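Coordinate-derived values only; no laboratory data. All values reported here derive from a predicted model rather than from experimental measurement. Heads up, the Cβs are rebuilt from the backbone with ideal geometry, glycines too, and the neighbour counts pull from every protein chain shown.
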Amino acid sequence: TASNKIGSQVNFEITGIDPGAGLMKATEKAMKDYDLKDWTLKEGSSAAMTAELKKAYENKEPIIVTGWTPHWMFSKYKLKYLEDPKGSFGKDEEIHTVVRKGLKEDAPGAYKILDNFSWKPSDMEEVMSNIQDGAKPENAAAKWIKKHQDQVNNWTKDASKGNGEKISLVYVSWESEVASTNVIGKVLENQGYDVTLKQVEAGPMFAGISDGSADAMVAAWLPTTHQDYMNEYKKQLVDLGPNLKGTKLGLVVPKYMKINSIDDLKG
Ligand code: PBE
C-alpha cells in the first residue's frame, strides 16, 4: 500500500522534539488513535527536528515531523499538516501567561505588563523568522519592539515603572517561546526591571513558577497541550490568561509528499 511505502521510506519514524513537550504526548496519543503500531516517535529537540527537516527538504526526501503553529518553518518551506480526522491533536488553543503567587504584590508594574501582554501569531512569526535568519533573539526582540511601539505602549501604559527589581522568566527552547520570552523580557527591561531569562525543560518551567523560584512564563499552551502540567501545578500559580490565540499542533510533512492524512500512515 501507499502507506507501507511511506513507512519504509521514513523508517517508520516520526521526528519529534523534546520529550517534555505536550506535542510529544499528543503524538503518542495519535499513534494509538490511528493504530500506528509499527511506528516510533523519535525524541530530540526542536532544533534537531528543524535541522532534519531542512536536510530532507533540500534533498526532496520524505520526512514526517511533529510541528506547530506559529512557527517559521511554514514560511521557509512548503509544508502541510496531515489531516487529523480523529482529532488526536485537539483544537486551536491559546498561549497563556502564568506567574508566581505574590508577584502582584512584589512587582505590581511587572505583573501589570505581563497581564497586558498579548499579540498575534503574525507578530510572533516576525520575531521567529528574524531569529531563524540569524539575528540574536534579544536583537530580534528589540527590533520587533521598535517597529511595534504603539502595541508595546498598550502593555506598559498603566504599569508603574520598575526600580531594578529582579524578574526571572523561564522558558523552553521552542522557537515560538524563544521569541515571546525575549520580547516580553526586553519590554520589562525597558521599563526598569532587572530581567533574567532562564531556559529549562517543560516540567521544571511549571515547577519553577509554582515553587516561586521563577517569576513568570509566557509559554503555557492551553487548554490541551499543557493540561497535565496545569493540573499538577494550578493551585500554586496564577494564570493571567491568553497572550496569543490561534495555535495548532500536528504531524507535518513537505507538500511534495503524496500523503494527506494521518490515516494514510497505517500499514
Ligand atoms: N510546542 C510549542 C510546545 C508548546 C509550544 C507546541 C512545541 C509543546 O508541545 O509543549
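Taking only the alpha-carbon positions of the chain and ignoring solvent, what does the Debye formula give for the base-10 log of I(q)/I(0) at q = 0.08, 0.13 Å⁻¹? Taken in order of the listed q values, log10 I(q)/I(0) reads -0.34, -0.83. Semi-axes of the equivalent ellipsoid of region 109-267 are 30, 21, 14 Å, computed as sqrt(5λ) over the eigenvalues of the C-alpha gyration tensor in descending order. Amide H contacts of residue 17 (H built 1.01 Å from N, in plane; Pro and chain starts excluded): 44 sit under 5 Å, all sequence-distant by 5 or more or on other chains. Dipole orientation for the chain: of the candidates 205, 159, 121, 121 has the Cα lying most toward the positive pole (charges on Cβ; Lys, Arg +1; Asp, Glu -1).
The loop-placed GluC sites (Glu not before Pro) in region 31-89, going by DSSP, that have at most 15 neighbouring Cβ atoms within 10 Å of their Cβ come out as 43. Take each peptide in 181-187, 254-260, 214-220, 109-115, count the other Cβ atoms within 10 Å of every residue, and average; sorted highest first, the result is 214-220, 181-187, 109-115, 254-260. Region 226-264 and region 31-90 have Cα centres spaced 13 Å apart. Using a simple spin-label model with pseudo-atoms 7 Å out from Cα toward Cβ, residue 151 and residue 104 lie 2.7 nm apart. Computed across region 1-159, the Kirkwood radius stands at 18.5 Å (inverse of mean 1/r, all Cα pairs).
Once backbone amide H atoms are built at 1.01 Å from N, residue 166 has 194 as its partners under 5 Å, excluding neighbours fewer than 5 places away on the same chain. Among beta bridges from DSSP that stay inside the chain, the antiparallel ones total about 60%.
Under the convention that each Lys and Arg Cβ holds +1 and each Asp and Glu Cβ holds -1, the size of the dipole of the chain around its Cα centre is about 500 debye. Across region 186-237, the convex hull enclosing all Cα atoms gives 91 Å³ per residue. Expressed as a whole percent, the proportion of Cα-Cα pairs in region 46-86 lying more than 13 Å apart is 54%.
May I ask which of 5/80; 136/198; 101/198; 25/235 have a Cα-Cα span longer than 21 Å here? Listed pairs above 21 Å: 25/235.
What translational diffusion coefficient, to the nearest whole µm²/s, does region 1-82 have by Stokes-Einstein, given a Kirkwood radius computed over alpha-carbon pairs, a temperature of 10 °C and 1.306 mPa s viscosity? Rounded, D is 120 µm²/s. Each residue of region 214-219 was assigned a 3J(HN,Hα) from its phi angle through the Karplus expression (A = 6.51, B = -1.76, C = 1.60, θ = phi - 60°), giving 10, 8, 7, 9, 10, 10 Hz with x at Gly and Pro.
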